[in-house]
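Here is the structure we will look at, set down as structure tokens.
The values are calculated or read from the model by the stated rules, or taken from the named source; none is laboratory data. Computed from a predicted model, the values in this text were never measured in an experiment. We place every Cβ from the backbone using ideal geometry, glycine too, and count neighbours over all the protein chains shown.
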Amino acid sequence: MEMRTENVYHLDTSFSILNNETVVIQPAAFTEKDYKTLTQGFRNVINVDMQESLKQLAANCFCPNDKDVVVHQGTEKFKSAVARAGFNVHEVDTSEFLKSGGSVFCMKLALPK
């Protein structure tokens with residue numbers, strides 16, 4: 001997997017699986033071939049706006065239960081797209097953690113179901 005965009009620098013900031021059918025992805029981060037590979041197994045593909053990727057790390061969201069998505073605040077386009085796909089969106093303030101290059105997904109501790 002080759003990352004194409006310097007500012008969207010690793011998988012956690014450009015790709016997140018919400019459930020078995022839905023993925024969010026920053027398309028500019030990947031080559032066309034890798035984008036197709038990453039998205040081919042999902043019925044619903046939500047492309048993340050580049051500005052929301054860079055400023056709020058929108059693709060660094062987390063969906064712990066297949067229906068609730070936690071994301072850094074201020075991602076209006078992302079929130080709208082995710083809500084249209086049937087998810088509940090919960091905004092949190094991760095501004096201090098953004099300074100180190102991470103957001104919600106990097107801060108999570110997922111326990112087994």
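Numbers at a glance
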{"read-out": "Top-ranked residue of region 6-30 - restricted to ones that are polar (S, T, N, Q) and either buried (at least 20 other Cβ atoms within 10 Å of the Cβ) or modelled with pLDDT of 90 or more (or both), ranked as nearest to residue 82 (Cα to Cα)", "value": "22"}
{"read-out": "The lone exception for residue 109 - which of (1) surrounded by fewer than 17 Cβ atoms within 10 Å (Cβ to Cβ); (2) among the hydrophobic types (A, V, I, L, M, F, W, C); (3) under 13 Å from the mean Cα position of the chain (by Cα); (4) at pLDDT below 85 it fails", "value": "(3)"}
{"read-out": "Every residue from region 32-68 that is surrounded by fewer than 19 Cβ atoms within 10 Å (Cβ to Cβ), within 18 Å of residue 99 (Cβ to Cβ) and charged (D, E, K, R)", "value": "55"}
{"read-out": "All positions within region 41-71 that are out of contact with any Lys or Arg (no Cβ under 9 Å at 6 or more places or on another chain) and farther than 18 Å from residue 30 by Cβ", "value": "43, 55, 56, 63, 66, 67, 68"}
{"read-out": "Residue in region 92-106 that is modelled with the highest pLDDT, counting only those that are assigned to a loop (DSSP other than H, G, I, E, B) and more than 13 Å from residue 52 (Cα to Cα)", "value": "93"}
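Let's see how each residue does on (1) in a strand (DSSP E or B); (2) of a type in the set (Phe, Trp, Tyr):
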{"site": "19", "(1), (2)": "no, no"}
{"site": "24", "(1), (2)": "yes, no"}
{"site": "34", "(1), (2)": "no, no"}
{"site": "42", "(1), (2)": "no, yes"}
{"site": "54", "(1), (2)": "no, no"}
{"site": "83", "(1), (2)": "no, no"}
{"site": "90", "(1), (2)": "yes, no"}
